[in-house]
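Below is one structure; the comments refer to it alone.
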Amino acid sequence: MYPINDIILSQFGEKPKQISILNGGDINQVFKVELYNQNLVIKLNNSKDLPQLFEKEKKGLELLSQSNFIIPKAHLYGTYKSYDFLIIDYIETGRNLNWGDFGEKLAQLHQIEGKHFGLDHDNYIGSLMQVNEQCNEWIEFYTNHRLLALTAKARDQGLFERKHCLWIEKLCQKLDELIPTCYPSLIHGDLWSGNLLTDKSGQPVLIDPAVYYGHPEMDWAMLSLFGNYPEEAMRSYLNISNLEVGFEHRKEIHQLYPLLVHLVLFGKGYYNPVMKIVNKFS
C-alpha cells in the first residue's frame, strides 16, 4: 500500500477525494490524485539505485518551462518513509496533436541557447544516469559523454567485445565530417512519442525530460527512432529555425546514443541496430 494519502495530507493539508493509477513506465508508480480544487500527479519509487531522480526531473521540467510548450508544473519532491516522491500538475490529455504547433514550439525551444554543451548537473535518461559534463564543442561532448561513455558501459556488461569499442572509437574520429556545427540548444533529450502528449485542445505537452544543451537534431532523431512525425511538423519548424542539408542521411548518428541507452538498459536485442549504424558510417 502506497502512502499517498499521508503524503498529500502532509503537503497540501487535505486528503484526496480520489486516487487512480496512471501508466508510469518501468521506473515509477504513478497516480492521479483528485483534490477539491486541483488535480495532481504523484510519482513514487523506493529504488535506492536512482538517487535524486525526482529532484533532477523537477529541474528538467523547470528548464523546459522556459519554452512555449505546455509543461506540467512540478510542485515538490521529497521522501516519505522508504518512498521518494514527486508531485506535479495533472494535465487532461487529448488525442489530436497539432503537429504544426509542435514544430513551431520545438523550434522556439531550440532557440534557447546555453554557453556550453551539457548542463551544470547530471540527470537521468530513463533509469540510466546521464553525465552532462560541459564542453565547448558538440563533437567533444557527444563523443566523450554520450557515445564512448555508453560504449564503456556496454563493454562492462559483456555486451561488447574490444573490437566493438574500437569500431565506435573509429566512428567518433569521423564525427567532425558527418555532423554540422551548431550552438548549444536546450533540448528535451528523450523526445519519443511516450513523452509527447497533447492536451484537450491539441496543444503539445512535454513530460519526462532528459534535458541538456545539445545539438537540436538530437530531438528530431529521437522522435523518429521508434516511429515518425508528419511533414507538417518539420515544415513548421523550418519556418522558424533550420536544419543543415543532409539531416535525413545523418540522423542515424544521433540515434546511436538512445540505441546505446536501450542496449545498456534492456540488453542484446539492441545490438544489431547499434552495429548497423556503426558499420554504415565507419
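Report, for the chain, the % of DSSP beta bridges that are antiparallel, rounded to 5. Given both bridge residues lie in the chain, the antiparallel proportion sits at roughly 95 percent. Here region 244-265 is scanned for amide nitrogen atoms under 14 Å from the site 7 Å beyond the Cα of Arg155 along Cα-to-Cβ, giving none. Axis of helix 99-110 versus longest Cα principal axis of the chain: the two differ by about 70°, to the nearest ten degrees.
For Leu76, the residues 5 or more places off, or on other chains, whose built amide H falls under 5 Å of its own are Ile87. Which one, Leu166, Leu50, Leu64, has the greatest fluctuation when you compute a Gaussian network model over the chain with C-alpha springs under 10 angstrom? In this elastic network of the chain, the residue with the biggest mean-square fluctuation among Leu166, Leu50, Leu64 is Leu166. The calculated FRET efficiency for the pair Phe266 and Glu55, based on their C-beta separation and a Förster distance of 35 Å, comes to about 0.90.
Here the label points at Tyr36 and Asn5, each 7 Å from Cα along the C-beta direction, are separated by 1.8 nm in the simple model. Taking the centroid of alpha carbons for each part, region 244-258 and region 161-226 are 9 Å apart. Where does helix 162-172 land angle-wise versus the long Cα axis of the chain, in degrees 0 to 90, nearest 10? Around 90 degrees separate the two axes. Dividing the convex hull volume of the alpha-carbon atoms in the chain by its residue count gives 132 Å³ per residue. Given a cut-off of 29 Å, name the pairs among Lys32/Lys59; Lys56/Lys170; Lys58/Lys276; Lys59/Lys200 whose C-alpha atoms lie farther apart than that in the structure shown. Beyond 29 Å between Cα atoms: Lys56/Lys170; Lys58/Lys276.
Positive-end ranking of Gln134, Gly158, Tyr77 along the dipole of the chain, with charges on Cβ about the Cα centre, is headed by Gly158.
Take every Cα pair under 8 Å whose residues are at least 6 apart in sequence, average their separation, divide by the length of the chain, and the relative contact order is 19 percent.
Computed from the coordinates by the stated procedures, all read-outs in this text should not be read as laboratory data. Just so you know, these numbers come straight off a predicted model, no measurement behind them. For neighbour counting, all protein chains shown are included, and Cβ atoms are generated from backbone atoms with ideal geometry for every residue, glycine included.
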